[in-house]
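In what follows, a structure is listed as structure tokens, so that the remarks can point back to it.
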Amino acid sequence: MQSKNNIVITYVVLVFIWATTPLAIVWSVSDIYILWAMALRFFIALPIAALLLLLLKVKFPLDKIALHSYVAGSFSLIGSQIFTYIATQYLSSGILALMFGLAPIIAGLMAHFALGQHLNRLQWLGMFVAICGLALICFGGSTQNIHPIGIALMLISVFMYCLSIFWVKKVNAEVEPMAQATGSILVSALGAICLMPWIWQYAPTHLPEAKSLFALMYTVIMASLIAMFCYFKLVRSIKATTLSLTNVMTPLLAMFIGVLINHEKLSILGVVGTVIILTGLFLYFYKDLQASRRLQSHLKHQHSEH
């Protein structure tokens, strides 16, 4: 029970952080060049993560399988985030979060076509309904910024994120979640160093304004460290499609946070689209939820007999 409660708490924390991260990314690039904001995020996160490993005495394996897992995990960091940061030029924080709502759909399709996982009619229907909801919010009169280039960039970003989930699970390395997060940040920081020849000319020449600095530190501590720890812990504990469900909850929260903190206006179509997305996701996960409920009922029955 304790383990199950830990997973639920981890899941809730991850949803909250990822719901607030798009706004933090948008704020962080308001006074720092986009790819420098991303690079600084990994450069600052790496020594903090390494220090945490030392303090917590977490083993950091460097064998071939572990290194492979770190590379796989980096696709959910720099692999995905490079496209997200570039997309900030074209989309608002609300739309950035909304695009990640496609994660369960893309994860489901990847599982179907790459791994041969069967999708039932209800799941196909759920996918269709959820996509209709997203389309309504994205293209049906939302007051937030929309641009086709930004939409395309975010689709690539979400694909990379989903690819990372399946890749890390496939590698299945015996690595602690904190070590996995640190290894993935390390690979991402090395990737950011490779970008330097192209972005050096845009290096910050002055101390950024307080809002940008706060947002940058938020992406470092919350999004790169705590969220990645939660993420890799969940990757090992729950199904990939269930983990990707976090990215459908986050847009709903992100839109609410945008209204409260960033004074973004939510249209009636936005509310209707949200309800449609939830309906689609309920349909998509309906059989999984039923199976989970049956399993819990069976376990309770067995426990009462003993």
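Go through (1) part of a loop (DSSP other than H, G, I, E, B); (2) over 27 Å from I9 (Cβ atoms); (3) open to solvent by 30 Å² or more (accessible area, probe 1.4 Å); (4) not polar (S, T, N, Q) and name the single condition E174 misses.
With (1) part of a loop (DSSP other than H, G, I, E, B); (2) over 27 Å from I9 (Cβ atoms); (3) open to solvent by 30 Å² or more (accessible area, probe 1.4 Å); (4) not polar (S, T, N, Q) applied to E174, the lone miss is (2).
Which of the numbered conditions does Q144 fail, given that it passes all the others? Conditions: (1) more than 29 Å from S74 (Cβ to Cβ); (2) modelled with pLDDT of 85 or more.
Result: Q144 passes all but (2).
Which residues, counting only those in the stretch 97-112, are closer than 26 Å to G183 by Cα and open to solvent by less than 10 Å² (accessible area, probe 1.4 Å)? Spell out how you get there, then give the answer.
Initial filter on the stretch 97-112 (closer than 26 Å to G183 by Cα): 97, 100, 103-104, 106-107, 110-111.
Residues satisfying the conditions are A97, A103, P104, A107, A111.
Can you tell me which residues in the stretch 235-283 are of a type outside the set (A, V, I, L, M, F, W, C), open to solvent by 20 Å² or more (accessible area, probe 1.4 Å) and at pLDDT 80 or above?
Of everything in the stretch 235-283, just one residue is of a type outside the set (A, V, I, L, M, F, W, C), open to solvent by 20 Å² or more (accessible area, probe 1.4 Å) and at pLDDT 80 or above, namely T279.
Which of the residues belonging to the stretch 21-35 are part of a helix (DSSP H, G or I) and open to solvent by less than 30 Å² (accessible area, probe 1.4 Å)? Working first, answer last.
Narrowing the stretch 21-35 to residues part of a helix (DSSP H, G or I): 21-28, 34-35.
Passing the criteria: T21, P22, L23, A24, I25, S28, I34, L35.
Among (1) open to solvent by 60 Å² or more (accessible area, probe 1.4 Å); (2) assigned to a helix (DSSP H, G or I); (3) among the basic types (K, R); (4) touching a residue at least 60 places away in the same chain (Cβ under 8 Å), there is one condition K4 misses while meeting the rest; what is its number?
The single condition K4 does not satisfy is (4).
Counting only residues that are assigned to a loop (DSSP other than H, G, I, E, B) and touching a helix residue (DSSP H, G or I) at 6+ places or on another chain (Cβ under 8 Å), which one in the stretch 49-72 is least open to solvent (accessible area, probe 1.4 Å)? Spell out how you get there, then give the answer.
As a first pass, look at the stretch 49-72 and keep what is assigned to a loop (DSSP other than H, G, I, E, B): 57-63.
Filter once more, so that each one left must be touching a helix residue (DSSP H, G or I) at 6+ places or on another chain (Cβ under 8 Å): 58-61.
On the way: V58: 36, K59: 158, F60: 64, P61: 18 Å².
Among them, the one singled out is P61.
Only one of L115, L134, L186 is within 23 Å of Y286 (Cα to Cα), of a type in the set (A, V, I, L, M, F, W, C) and open to solvent by 40 Å² or more (accessible area, probe 1.4 Å); which?
L115
The values are calculated or read from the model by the stated rules, or taken from the named source; none is laboratory data. Computed from a predicted model, the values in this text were never measured in an experiment. Every residue, glycine among them, receives a Cβ derived from its backbone with ideal geometry; neighbour counts consider all protein chains shown. Quick note on the areas: whole protein, heavy atoms, side chains included, nothing else; ligands and nucleic acids left out. Shrake-Rupley method; radii C 1.70, N 1.55, O 1.52, S 1.80 Å.
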